[in-house]
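In what follows, a single structure is set out as structure tokens and then discussed.
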Amino acid sequence: MTHQGPSPTRDEKVVNLMTNYTMLFASMFEDVFADLVAKMAEVTVGMGDAIAGAMSEGLSGGSHEGPAAKMPKEKVKPEIAPQASEEIKKMFAGLRDQVSSKMHEDSPEFRAYLKNPAFDQGIAIVEKYDFGRPRITEKLGDGDLTSYLLLLKSGDETLGKMFGELSQWQEGLPKPPFRDS
């Protein structure tokens, strides 16, 4: 992919990699949580329908002619899923803001942390792959991040391989100076 504009410095690549990788990783969980909440809501509605059906049969003595059997059997749309999805999105938006703001601190400790040669391996991992879009070592906008997320969700094996390599690489990184505890 042809890069447009000036190439980022090594330190900018490190910050971009950490920010973009964290945001993509968090976004994957955001979608998983939203899907889980939606499925839980569907199951809850299904259980409610089953209980209503059982009560209907019980109240009518097994026949379908009692008063409970005459109740409308419309599907109830789960309202919790969109609300929960919005809350999850807000939570991760806050996480993105925190990660971004902490990594852009101009403290001597953070600058020293960026100089660690372990980050060169992460940059090398990213730069050996080309997905036809700006690399995650560049400052990415929402559209670029979304395109990576869609590519991940589509099951792209090459991107999955890169993320696997980055995950292993990340395990060996030193503790960041901005990390609590």
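Values quoted throughout were computed directly from the atomic coordinates according to the rules given, and no laboratory measurement underlies them. All figures in this text were calculated on a predicted structure; none of them were measured in a lab. Don't worry about glycine lacking a Cβ; one is built from the backbone with ideal geometry, like all the others, and counts go over all protein chains shown.
Roughly how many nanometres apart are two label points built 7 Å out from the Cα toward the Cβ at M28 and D156?
Each label point lies 7 Å from its Cα, and together they span 1.3 nm.
Please give me the summed charge of the neighbours of I136: other residues whose Cβ is under 11 Å from its Cβ, Lys and Arg +1, Asp and Glu -1.
Details: positive: K13, R133, R135, K139; negative: E127, E138, D144.
With Lys, Arg at +1 and Asp, Glu at -1, the net is +1.
Order the peptides 17-26, 167-176, 130-139, 116-125 from the highest to the lowest mean number of other Cβ atoms within 10 Å of their residues.
Going by the mean number of other Cβ atoms within 10 Å, highest first, we get 17-26, 130-139, 116-125, 167-176.
Taking a ≥ b ≥ c as the square roots of the eigenvalues of the Cα gyration tensor of region 118-181, is the shape rounded (a/c under 1.5), prolate (a/b larger than b/c) or oblate?
Values: a/c = 1.84, a/b = 1.57, b/c = 1.17.
The shape class here is prolate.
Give the calculated FRET efficiency between K115 and S7 to the nearest 0.05, with a Förster radius of 22 Å applied to their Cβ-Cβ distance.
According to the calculation, E is roughly 0.70.
Grab the other residues whose beta carbon is less than 13 angstrom from that of L17, score K and R as +1, D and E as -1, and report the net.
Taking every Cβ under 13 Å from that of L17, the sum is -2.
Quickly work out the E171-to-L149 label distance, labels modelled 7 Å from Cα along the C-beta direction, and quote it in nm with one decimal.
Placing both labels 7 Å along Cα→Cβ, they lie 2.7 nm apart.
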